[in-house]
Every structure is written in structure tokens, then in C-alpha cells.
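Colleague: Pasting a structure here, questions to come.
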Amino acid sequence: MLRSVSTLPIPHSAALKLQESGFQYIEDILSSEAAKEEVRLILRHWGKDTWDSLERWNSPPKSETALEIWQTEAKLRNIITFCEVVDDVLGGGIALRRITEFCGAPGTGKTQFCLQLCVSVQIPSCFGGVSGEAIYIDADSGFSPDRLRGTYKNIAKSCAKHCEKLRKDASPNDSANIEEFSEESILNGVHYIAVNDHVELMATVSLLENFLESNEKVKLVVLDSLAFVFRYGATSFKDRTRLLYRIMSDLQNLALKFNIAVVVTNQLTTSLEVSLEGGSVSKSSLIPSLGESFAHLVGLRLILGPPPPSASCSLNGSLPLMLLVAKSCELPAASALFEVEEGGIRDAA
């Protein structure tokens with residue numbers, strides 16, 4: 001059976017160029033050394049300047065057994081949120097090798113969770129952390145160093161002090177790592193990238209692999225907010241869907257290749273139900289934006305919002321917030337109450 005060049009993992013424009021040059025099937029390319037050289041010259045325009053990559057594309061795909069995948073993931077630690085009930089609901093925290101989506105209206109804690117995870121991912125391994133670093137891709141200007149280390153909310157200082165309290169139970173070798181874990185080291189472990197539109201976002205995601213290869217300590221990639229650049233950008237519905245699938249596919253591949261966690265935030269939009277009689281709006285509700293098909297691109301969807309009316313106030317008189325597991329391939333549907341305190345995400349009092 002002949003395999004079309006359109007099935008190769010290359011840009012669509014590159015496949016069209018190959019077809020225009022007379023290469024309809026991979027077997028046409030492998031027919032002679034002259035054909036190989038011509039294809040090499042064509043693909044060089046797209047950065048595919050090595051013949052080895054094309055030979056790998058024609059090889060059988062690499063496979064893993066279910067046992068091998070389970071053993072790999074069993075060795076990885078989750079990134080804790082510093083909220084015990086949330087961590088319990090999530091099976092120990094945010095899992096590596098997964099894409100996790102936080103959805104919610106403004107003020108429900110989406111960015112706060114992202115900042116907390118950027119700090120928590122750096123907890124030394126002697127305390128059950130992953131000893132990693134984070135990349136923060138800011139698409140809606142929600143990031144500020146003051147939210148990590150400020151006069152009111154000081155997530156970095158709170159985390160460092162928490163680990164310092166556990167220092168007496170650590171071994172001499174671990175104590176050296178604890179001394180290096182400070183507010184300054186935490187801020188230095190968050191790599192910030194600002195993007196202004198979907199073009200810059202696409203470029204950033206496509207270059208992340210090079211960054212991760214040179215920064216092996218990175219264990220978390222945060223994208224806040226994915227919806228912002230598409231909801232307010234000049235892209236059609238067709239282009240938006242295509243770009244979203246490309247971005248999420250690249251992020252999923254990076255999560256699996258480098259054993260990292262990917263966290264994206266999403267906004268809510270209003271869904272209107274129109275009555276068949278009269279064409280009037282019969283019901284409205286808030287749902288995650290970017291469409292229903294986008295939900296299939298994430299492994300875990302978490303909805304953040306106010307708690308039900310029956311929830312009691314905390315000791316300071318404010319209502320806690322609620323996290324709801326709306327979609328997961330592994331976790332059961334569940335919810336947990338949390339608060340945003342001075343030190344970050346914490347259990348509701």
C-alpha cells in the first residue's frame with residue numbers, strides 16, 4: 001500500500017510543494033538517490049535539512065507497553081497546591097505529563113493557582129517536591145512579581161518559611177538544599193514570557209522545545225490566559241480552531257517528552273438557549289469559552305467559582321471559593337473549598 005506524502009508530519013505547505021514537484025507518495029521519494037536529494041533541497045526551506053528525519057518518518061512508530069507507561073508515571077511526583085483538600089481531590093496535586101485547565105470568572109483564583117504552582121514546583125525533593133522551575137507565559141498581563149513577593153501576598157516567602165520549619169528533620173545533605181531555597185531563588189526559578197497576540201503565542205509554543213532542552217529543571221509550563229488572545233484577536237472561527245489544536249498538540253507533546261506539567265487558564269462565556277417558540281432567550285448559563293471541542297484537548301478541567309449558598313463563611317468573614325473537577329480521564333467528579341490567603345492557596349478555615 002502506497003503512503004501519501006500528505007501523511008508526513010510536515011507543514012501542509014511543504015507537503016503541497018512535494019506534490020507539485022511530482023512526489024505523491026513516500027515511495028517516490030525513496031526510489032532513487034536523486035529523488036532524495038531533490039526532496040532534501042525542498043524541505044530545507046522549512047528547516048527540514050536532514051535526510052535522517054524523513055527516514056525516521058517512514059519507520060514504524062515507537063511503541064510502549066501500558067506497564068512501561070504506568071511505571072514512568074508512578075515515579076513522578078505531583079505539584080502540590082498547598083491546599084490539602086484540593087490536593088486530595090486531585091490525587092496529590094497537579095500531575096506531570098498532563099494538561100490541566102483552570103476555568104473561571106475573574107476573581108475566582110485562576111492566576112493565583114498558577115502563581116502558587118510556580119512556587120510549589122520548586123520545593124526541594126527532600127520534602128516531596130519536584131525541585132523544578134516554571135515557565136510563565138502571560139497572555140493577558142495578569143502576572144506581577146509583587147503577587148509572588150509583595151507586602152500583602154508573599155507566596156514565595158511563605159513557601160520558603162514552611163520548608164525552613166521542616167529543616168530540623170532533614171539530613172545534612174538536604175539541609176544544604178534548603179539553605180539555597182529562598183525568596184530570591186524562587187523568583188529566579190520562574191521564567192516569564194509575555195505574548196500580545198496569537199502570532200506571538202504560536203511562536204513561543206513552537207520554540208519551547210529548544211528552551212526545555214537547555215533548561216532541564218523546568219517542570220511546569222503555565223499559559224495564562226489561552227482564551228484572551230483568541231477571544232479578542234482578529235481570527236476567524238476556522239482559524240481559531242486550527243490554531244488551538246496546533247497549540248494544544250504541541251503542549252501535549254512537550255508534556256510527554258519532558259515529563260512536565262502544563263497548566264492553562266480559560267475564561268467563561270455566556271451560553272444562551274433560544275426558545276423554539278417565538279425565538280426568545282429562555283435560559284442563559286456560564287460555560288468555559290473556546291467551544292465544546294476544545295474540552296477534548298485537555299486531560300483535566302477544573303472549574304473555579306463561588307461556593308453554593310449553603311457554604312459557611314471563614315473566620316475572617318469572607319466566603320471561600322470552590323474548585324470543581326468538571327472533566328477528567330482519571331479522577332472522579334468532586335469539589336473542594338479553598339481560600340486565597342496572604343501565603344497563597346490554602347484550606348478554607
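Colleague: From the list 340, 325, which one is at pLDDT 90 or above and either in contact with a strand residue (DSSP E or B) (Cβ under 8 Å, 6 or more places away or on another chain) or closer than 23 Å to residue 224 by Cβ (or both)?
Modeller: 325
Colleague: Do we have any residue at all in segment 49-58 that's at pLDDT 70 or above and under 30 Å from residue 257 (Cα atoms)?
Modeller: Scanning segment 49-58, I find no residue that is at pLDDT 70 or above and under 30 Å from residue 257 (Cα atoms), so the answer is no.
Colleague: Additional query: Only residues that are loosely packed, with under 15 Cβ neighbours inside 10 Å and either closer than 18 Å to residue 290 by Cα or of a type in the set (Asp, Glu) (or both): list them for segment 197-211, please.
Modeller: Within segment 197-211, 199, 209 meet the criteria.
Colleague: Return yes when residue 185 is loosely packed, with under 15 Cβ neighbours inside 10 Å and at pLDDT below 90 and no when it is not.
Modeller: The answer is yes for residue 185.
Colleague: Could you give every pair whose Cβ atoms fall below 6 Å, whose first residue belongs to segment 137-148 and is free of Cβ contacts under 8 Å to residues at least 60 places away in the same chain, and whose second residue is of a type in the set (Lys, Arg) and not in a strand (DSSP E or B), counting only separations of at least 6 or pairs across chains?
Modeller: 147/153
Colleague: While we're here: Which count do you get for residues in segment 117-139 that are surrounded by fewer than 19 Cβ atoms within 10 Å (Cβ to Cβ), in a loop (DSSP other than H, G, I, E, B) and touching a helix residue (DSSP H, G or I) at 6+ places or on another chain (Cβ under 9 Å)?
Modeller: Total meeting the criteria: 2.
Colleague: Looking at 114, 163 in this structure, which one is in a helix (DSSP H, G or I), at pLDDT below 85 and surrounded by 14 or more Cβ atoms within 10 Å (Cβ to Cβ)? Let's see the steps before the verdict.
Modeller: Values: 114 fails: at pLDDT below 85.
Going through 114, 163 in turn, the sole match is 163.
Colleague: Another one. Restricting to helices (runs of 4 or more DSSP H) lying wholly in segment 194-264: which have 2 or more residues that are among the polar types (S, T, N, Q)?
Modeller: Fully inside segment 194-264 and qualifying: 198-214, 237-258.
The values are calculated or read from the model by the stated rules, or taken from the named source; none is laboratory data. Being a predicted model, the structure only gives us computed values, none of them experimental. Every residue, glycine as well, gets a Cβ built from its backbone with ideal geometry; the counts of neighbours run over all protein chains shown.
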